[in-house]
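Okay, here's the structure, questions in a sec.
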Amino acid sequence: MPTQLIDKFNRKITYVRLSVTDRCDFRCVYCMDEKMTFVPRAQLLTLEEMELVGRAFVELGVTKIRLTGGEPLVRRNILQLFQGLGKLDGLKELVLTTNGSQLVKLAQPLKAAGVKRINISLDSLKPARFQKMTRTSKLDTVLRGIDAAIKARFQRIKLNAVILKNRNHDEVTDLVQFAIDQGIDISFIEEMPLGNIDEHNRAEAFYSSDQIRHELKHTFNLIPTTETTAGPSKYYKVAHTDTRVGFISPHTHNFCDSCNRVRVTTEGRLLLCLGQEHSIDLRRVIRANPDDIGLLKQAIIKAIAIKPKAHEFELDKEPHILRYMNMTGG
Ligand code: SAM
Ligand code: SF4
């Protein structure tokens, strides 16, 4: 059996994003509908099944796993999964994306479980605006969570901000200044058309990475770096600070040529591309052959053969991907 995953475009798959729950304590306007229906619990992979999936990928050469969701830290007993994955030989990076709402209590135990880097979403520093964008009033809790993460001394902490025109686009300078003051990094993300939302028109709300960079240059000296975190972010260092600013630009800078990743949904569907529906059902394989990691690895190898060349996002048409970001494992 091969010990590496290489697709038909010669891209090596070394990174898996595992969505551990589709549930969330927030309802961000770009991610979810206000009234979401969630997957029935029996259809979710158990934490043990998720650990098996993680082990299979690591045995196939994956070196980085990100736990995401939904909000990964609201899943019951989630530390158990971090602890299990943290012990896998060959896994170099166990990382997390979170909205920060549970970090006051979980930052220290996550660090102890082997999590090295953590991304925390923060779209606004203004309470009323934060409330509008996330449909919660937990800005204070998130800010205390960021503080707890800094105190827990992760190798790297990065804020993620989705920027929408006329919602928070005028806050990009303040967000970078906040990151500088905290000694952490920040990435700006262009909104992707995943799932139907009624709250705003995605084409009208589009605000490009180039516009943000232009705005930031009035205040900061951004020095391009060749650095990559094996992700789609393009990074700049803010001169005379420890902060890097990243831009994730699925619309304006296509990054598919160097794609090194796949995603597993909370129901165990292996998604070969964020912006396409190509997938296979790993849960069926696991439940038909419990504990047979060999068959699971064979299924994964077969799936990599259908990984598409690129995503297709068109903001002015109906989204052709109907699953929401919380299902996808953003
Ligand atoms: N709940 C966690 C959080 O918010 O960080 C993890 C899951 S969330 C889906 C992961 C990231 O995806 C967040 O940074 C969020 O801002 C981003 N995101 C969600 N929906 C998006 C969309 N439609 N386009 C671009 N980014 C999106
Ligand atoms: Fe929840 Fe994250 Fe989606 Fe916001 S972006 S609704 S925090 S999963």
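Taking the chain as the reference, fit the longest principal axis to its C-alpha atoms, fit the long axis of helix 172-182 to the helix C-alpha atoms, and give the angle between the two in degrees, 0 to 90, nearest 10.
Roughly 70 degrees, rounded to the nearest 10.
While we're looking at this one, here's another question. Taking 0.36 nm per intervening residue step and subtracting the Cα-Cα distance, what contour gain separates K217 from S137 on full extension? Write down the numbers at each step before the final one.
On the way: separation 80, 0.36 × 80 = 28.80 nm, distance 3.14 nm.
Taking K217 through S137 to full extension adds about 25.7 nm, to one decimal.
Compute the semi-axes of the equivalent ellipsoid of the stretch 5-328, taking the square root of 5 times each eigenvalue of the Cα gyration tensor, and list them largest first in whole Å.
On the way: eigenvalues 178, 96, 83 Å².
Largest first, the stretch 5-328 gives 30, 22, 20 Å.
For the stretch 91-195, what mean projected area does the convex hull of the alpha carbons give, in nm²?
Over all viewing directions, the stretch 91-195 projects a mean Cα-hull area of 7.3 nm².
Which are the unpartnered cysteines of the chain, meaning those with no other cysteine Cβ under 4.7 Å from their Cβ?
Singleton cysteines: C24, C256, C259, C273.
So for the stretch 5-328, averaging the separation of alpha carbon pairs under 8 Å that are six or more residues apart and normalising by length, what relative contact order in percent results?
Numbers: 630 pairs, mean separation 70.9, N = 324.
This gives 22 percent for the stretch 5-328.
While we're looking at this one, here's another question. Taking the Cα centre of the stretch 1-95 as origin and charging only Cβ (+1 Lys, Arg; -1 Asp, Glu), how large is the dipole, in debye to the nearest 20?
Working: 15 positive and 12 negative charges, 39 e Å.
Dipole of the stretch 1-95, to the nearest 20 debye: 180 debye.
Going highest first, how would you order 123-135, 8-20 by mean Cβ packing within 10 Å? Please list the in-between numbers first.
Values: 123-135: 17.5, 8-20: 19.2.
With the highest mean Cβ count within 10 Å placed first, the list reads 8-20, 123-135.
If the cut-off is a Cα-Cα distance under 18 Å, which lysines reach K138, setting aside same-chain residues fewer than 8 apart in sequence?
Once the sequence-local lysines are set aside, what remains near K138 is K105, K126.
State which entries of K116/K237; K132/K217; K12/K92; K92/K309; K92/K297 exceed 25 angstrom in Cα-Cα distance in the structure shown. Please report the intermediate quantities before stating the final value.
Values: K116/K237 21 Å; K132/K217 28 Å; K12/K92 16 Å; K92/K309 27 Å; K92/K297 19 Å.
In this structure, K132/K217; K92/K309 lie more than 25 Å apart at Cα.
I've got another one for you. Which net charge results for the neighbourhood of E34, defined as the other residues with beta-carbon distances under 10 angstrom from its beta-carbon, given Lys and Arg at +1 and Asp and Glu at -1? Could you put the intermediate results ahead of the total?
Working: positive: R27, K35, R135; negative: D33, D198, E199.
Summing Lys and Arg as +1 and Asp and Glu as -1 gives 0.
Run the simple label-point estimate for Q298 and H278 please: 7 Å along Cα→C-beta, distance reported in nm.
2.2 nm
Treating only the Cβ atoms of Lys and Arg (+1) and Asp and Glu (-1) as charged, compute the dipole magnitude of the chain about its Cα centre; round to the nearest 20 debye.
Details: 49 positive and 39 negative charges, 176 e Å.
Dipole of the chain, to the nearest 20 debye: 840 debye.
A further question on this structure: Using the alpha-carbon centroid of each, what span in Å lies between the stretch 152-223 and the stretch 45-102?
26 Å
Run the numbers for R144 and E199: contour at 0.36 nm per residue of separation, minus the present Cα-Cα distance, in nm.
So the chain would gain 16.9 nm between R144 and E199.
Computed from the coordinates by the stated procedures, all read-outs in this text should not be read as laboratory data. This one's a predicted model, so the numbers in the text were calculated from it and none came from an experiment. Glycine gets a Cβ as well: all are built from the backbone with ideal geometry, and neighbour counts include every protein chain shown.
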